[in-house]
Each structure stands twice: as C-alpha cells, then as structure tokens.
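**Q** I am attaching a structure below and will ask some questions about it afterwards.
The values are calculated or read from the model by the stated rules, or taken from the named source; none is laboratory data. This structure is a prediction, so every number in the text was calculated from the model and none was measured. Please note: Cβ atoms are built from the backbone with ideal geometry, for glycine as well, and neighbour counts cover all protein chains shown.
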Amino acid sequence: MDRQNRELRSLIEPDGRLRLWLENTPMNAPGAGEIVVRVEAAPLNPSDLLLLLGPADPGSLRQAGQPHRPMVEGEVPRELLPGITGRLGQALPVGNEGAGTVIAAGLGAEALIGRTVAIRGAPGTYAAYQTVRATDALILPDGVSARDGASAFINPLTALGMVETMRREGHHALVHTAAASNLGRMLNRLCRADGVPLVNIVRRPEQVDLLRSEGAAHVLDSSAPAFADALRTALEATGATLAFDAIGGGTMAATILAAMEAVAARRLPVYSRYGAPTPKQVYIYGMLDPGPRVLEGQFGMAWSVGGWLMTWFYDRLDEADAGRLRERAAAELLTTFASSYTGEIGLAELLSPDSLRTCTRRATGAKFLIAPSRDLA
Ligand SMILES: NC(=O)c1ccc[n+]([C@@H]2O[C@H](COP(=O)([O-])OP(=O)(O)OC[C@H]3O[C@@H](n4cnc5c(N)ncnc54)[C@H](OP(=O)(O)O)[C@@H]3O)[C@@H](O)[C@H]2O)c1
C-alpha cells in the first residue's frame, strides 16, 4: 500500500524513563480475510492508561521532541519498576478498542469496504490505521457513527459478562463499586432492563444523585459515615452475594465481604463458629487504587476474592453464548451501552504534558476520545 501508518508508542526504559511518541510505520496490503480500518475514534479507558503511562508520575511529564515530531518524557519511580519488568525496554502500541471506516480489504472481505466497524486493539488502536481480521470486527448498524461505536467492545461486554457470571455462579444480585463510571452506568441500565437487583457504591454525593437520576434503586456513598450500615441494609434488601470491585486497592473488598457475611449470619437458625455457609464472592476487576489490598474482617469460611477480566471470560464462552452477548452489545449500543465523553483529541495534540494530564484523570464524566486519524496530512 502506498500509505504510511502513524502509531502511538509507549516505552519505559530499564532506568524508569518513560517516552511517548508517534512512530511512522509502513503499511502492508491486507491479506485474505483482512480489512484495513481508518481509526476515527478510540476511547482513553483506565486500562489504556495502565499501558500509556504505566506507573509514571504524571507530575514528571515534560515536553520533548520537535513541534512536527512531538514526544513526551516522564519518570517512573524506581521502587515501582519491579512491578513492570515485563514491559521494560519495549516500544508498545497503545489502545484497546476503537472504530472507523474500512478503507481496504483482502480477498473475501471486499464487501466491508466503506462500512463503519468497531475493532479491538490488535496491536493498538491509537494508530491512524489498523489491519484486523474481518471476522474480529463488529459491523456497526447503519446510522451508528465511529464515535458512537468506539467503546462497543470492552465496557458493554464487561457489563454483560458480569450479569452472565452472576447467573452461571448461582448468585441473584450484584454489588458494583466505582459505579458512576461509564461501565457502572451501563451496568445500571442493563440490570434495570433485566430485573437484576444492583447495589451501586460510589464515593461522592453527586455520584449518588447521578445514578439515582438514572433510576438506580440502591446507591451508597462510601464517604458517608453510615456507609457500613447502609451497605448491610442494601444487601439484606437485594440478597447480593457477588461483587465486582473496580477499586482494587484498600479495604473495599473486605468491607463488602464483611457486610455480606453479617447479613447471611443473621439468617442462620443456629449460631455457627464458621459463619454462614452462603458463598460470598468479590471479583476485583480494576486497579483504580493501585495500593495494597487489605483483607481484614470477619467473613466466615465461605468467601473468595479473585480477579476477573472480560476478555478471558469471553474467550471461554462457547460460540453461541459469545455471539448472543456480542449481538446484544451491538443492538443496544445507543441505549443500554451508550458511553459519554467529555472531549475529543488528535494523537499529536495528546502528546503534551498538559493534554495528557487532562485526558488521563479517570474521573466521573471526564473520559476522552482520541481521534487517531483526524490530523493526518
Ligand atoms: N477487568 C475488565 O475486564 C474490565 C473491563 C472494562 C473496564 N474495567 C475497569 O472498569 C473500571 C471503570 O471503567 P470505565 O471505562 O467505565 O471508567 P471511567 O468512565 O473512566 O470512570 C472511572 C470511575 O472511577 C472512579 N474512580 C477513580 N479512581 C477511584 C478510586 N481510587 N476509588 C473509587 N473510585 C474511583 C471515578 O470516580 P471519581 O470521579 O470519584 O474519581 C469514575 O467514576 C476501570 O477500573 C476499568 O479498568 C475492567
């Protein structure tokens, strides 16, 4: 192909120096069954930040490079380097998902030329173009733009996967933390539609108002003095014994397990020194707080804490179930699974310390969309 690609790269050197820049790479013609997508919109999700900046201190970011070849440099504190040895010295592509227009196709995939599709990052969607297998792309319905479809995979399939996990593991209601996130708002809409009782945990009063205005029945503010009591009351009302915790660090998982155990123990006809036999599960599925996890408290003997990743869950589903979830995600992209963004930014524009600090806040209602092909020459 007579085009050059331009991809965002993130490199952390073994001494902790972070570098971000745009790499020009040659493009090959698509092979049989492949499509080339001009990436028009890609979200900056919390999981992208883990790769983009790693554990670099945002305060250390500084401008480098030239105006026509921008680069940002920064520093990862030395004590955090052992946690990322696997990536040191590698210039990694970034971007887990996105959407855009098919501009070329290999044998067998020609019918997709001109269609708007959503893709998962392989290797990274923060690039002007991505070549993917046509069968891995989600063809967006007519009238759905790349912007609307940019987050078609990760959060919708995660919300669906949480409810699917609940059913498969014999639970009947859910607890969710950091629940005013884009994902949390989707989960709230999904649970309302499917009649699944949901306990939403947020950390600010304005997030309580937001979720209540969207019809959530149980919204608890973890910063309120009566949080622990309110949690037990909500667990009693819903019967939730499964939680998905996006915070990861700190005491939230333990607080939830202790409240589940207290509610289950109250229902025991006879006291047991081993606690209630009801299985209580917390899946930690995010790392919003990278600090240590503290598992202190009385949970009885029937509890478990584990990790959960949508892609691994999804890859274990059989064809029919995976297809069912994908179809629902696509069909309800503008309703149940709608995402909201605070702004849009080109790749070159992103490469300044101020832009990076603005776009990587991970705060409620502050998610940015990247427009990787917007400022192509
Ligand atoms: N495991 C998986 O397969 C998977 C898949 C998809 C998403 N996720 C995870 O799901 C979470 C939400 O993703 P998203 O794209 O929906 O995020 P988002 O829209 O960017 O929202 C982030 C939310 O997290 C809250 N938050 C940030 N730091 C926090 C902390 N230390 N304690 C409590 N709340 C905190 C923010 O609230 P404030 O405004 O109060 O800061 C905000 O409401 C992320 O952790 C992401 O990594 C995991």
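**Q** Name the residue that is farthest from T311 (Cα to Cα), counting only residues in the stretch 32-66 that are free of Cβ contacts under 8 Å to residues at least 24 places away in the same chain and not polar (S, T, N, Q).
**A** G59
**Q** Can you go through L325, L309 and tell me which one is within 15 Å of the ligand (Cβ to nearest atom) and under 30 Å from E23 (Cα atoms)?
**A** Within the list L325, L309, the selection yields L309.
**Q** Being within 17 Å of G161 (Cα to Cα), in the same structural domain as I201 (by TED's automatic domain parsing) and at pLDDT 95 or above is the requirement here; does F299 meet it?
**A** When the stated conditions are applied, F299 does not pass them.
**Q** For the stretch 64-82, which residues satisfy the criterion of being of a type outside the set (G, A, S) and within 12 Å of L20 (Cα to Cα)? Quick ask: steps written out before the conclusion?
**A** So in the stretch 64-82, the residues of a type outside the set (G, A, S) come out as 66-73, 75-82.
Within the stretch 64-82, R69, P70, M71, V72, E73, E75 meet the criteria.
**Q** Follow-up question, since we're still on this one. Of a type in the set (D, E) and in contact with a helix residue (DSSP H, G or I) (Cβ under 8 Å, 6 or more places away or on another chain): is that true of E40 in this structure?
**A** Yes.
**Q** Then there's this: Which residue is farthest from the chain's Cα centre (by Cα), if the candidates are limited to the stretch 265-279 and must be more than 10 Å from M301 (Cβ to Cβ) and surrounded by 15 or more Cβ atoms within 10 Å (Cβ to Cβ)?
**A** Per the criteria, the residue is A265.
**Q** Checking the condition of a type in the set (V, I, T), farther than 23 Å from Y126 by Cα and within 16 Å of the ligand (Cβ to nearest atom), which residue from T336, T342 passes?
**A** Just one listed residue meets the conditions, T336.
**Q** Go over the candidates G365, G300 one by one and state the one that is more than 27 Å from L49 (Cβ to Cβ) and either of a type in the set (G, A, S) or surrounded by 13 or more Cβ atoms within 10 Å (Cβ to Cβ) (or both).
**A** On inspection, the qualifying residue turns out to be G300.
**Q** Separate question: When you go through (1) in contact with a strand residue (DSSP E or B) (Cβ under 6 Å, 6 or more places away or on another chain); (2) part of a helix (DSSP H, G or I) one by one for L210, which number turns out not to apply?
**A** Failed condition: (1).
**Q** May I pose another question? Report, by residue number, each residue of the stretch 230-264 that is within 15 Å of W303 (Cα to Cα) and among the β-branched types (V, I, T).
**A** T241, T255, I256, V263
**Q** When you scan the stretch 278-286, do you find a residue that is over 23 Å from P197 (Cα atoms), touching a Phe, Trp or Tyr at 6+ places or on another chain (Cβ under 9 Å), without any contact (Cβ under 8 Å) to a residue 40 or more places away in the chain and away from the ligand (no atom under 16 Å from the Cβ), even just one?
**A** Scanning the stretch 278-286 turns up no residue that is over 23 Å from P197 (Cα atoms), touching a Phe, Trp or Tyr at 6+ places or on another chain (Cβ under 9 Å), without any contact (Cβ under 8 Å) to a residue 40 or more places away in the chain and away from the ligand (no atom under 16 Å from the Cβ).
Let's see how each residue does on (1) over 18 Å from N28 (Cα atoms); (2) outside the structural domain of L356 (by TED's automatic domain parsing); (3) within 22 Å of the chain's Cα centre (by Cα); (4) surrounded by fewer than 18 Cβ atoms within 10 Å (Cβ to Cβ):
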site	(1), (2), (3), (4)
I103	no, no, no, yes
G108	no, no, no, yes
R115	yes, no, no, yes
P123	no, no, yes, yes
T135	yes, no, no, yes
P141	yes, no, no, yes
A146	yes, no, yes, no
G161	yes, yes, yes, no
E164	yes, yes, yes, yes
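**Q** Within the stretch 135-155, identify whether any single residue is assigned to a strand (DSSP E or B), more than 9 Å from the ligand (Cβ to nearest atom) and either in contact with a His (Cβ under 7 Å, 6 or more places away or on another chain) or at pLDDT 95 or above (or both), and answer yes or no.
**A** No: the stretch 135-155 contains no residue that is assigned to a strand (DSSP E or B), more than 9 Å from the ligand (Cβ to nearest atom) and either in contact with a His (Cβ under 7 Å, 6 or more places away or on another chain) or at pLDDT 95 or above (or both).
**Q** Could you pull out every one of the strands (runs of 3 or more DSSP E) wholly within the stretch 258-377 that has 2 or more residues that are among the charged types (D, E, K, R)?
**A** Answer list for the stretch 258-377: 289-293.
**Q** If I go through the stretch 1-22 residue by residue, how many of them are out of contact with any helix residue (DSSP H, G or I) (no Cβ under 9 Å at 6 or more places or on another chain), at pLDDT 95 or above and surrounded by fewer than 16 Cβ atoms within 10 Å (Cβ to Cβ)?
**A** Looking only at that region, the number is 2.
**Q** Another question, then. Which one of these is in contact with a strand residue (DSSP E or B) (Cβ under 8 Å, 6 or more places away or on another chain) and either under 30 Å from R3 (Cα atoms) or of a type in the set (A, V, I, L, M, F, W, C) (or both): G54, G74, G89?
**A** Residue meeting the stated conditions: G89.
**Q** Continuing with the same structure: Please name all residue pairs, on different chains or six or more residues apart, with Cβ atoms under 8 Å, provided the first residue is in the stretch 356-377 and is under 16 Å from D148 (Cβ atoms) and the second residue is part of a strand (DSSP E or B) and of a type in the set (D, E, K, R).
**A** Qualifying pairs under 8 Å: F368/E344; L369/E344; I370/E344; A371/E40; A371/E344.
**Q** Continuing with this model, one more query. Do you know which of the residues in the stretch 172-196 that are out of contact with any helix residue (DSSP H, G or I) (no Cβ under 8 Å at 6 or more places or on another chain) and away from the ligand (no atom under 16 Å from the Cβ) is farthest from L231 (Cα to Cα)?
**A** My answer is A193.
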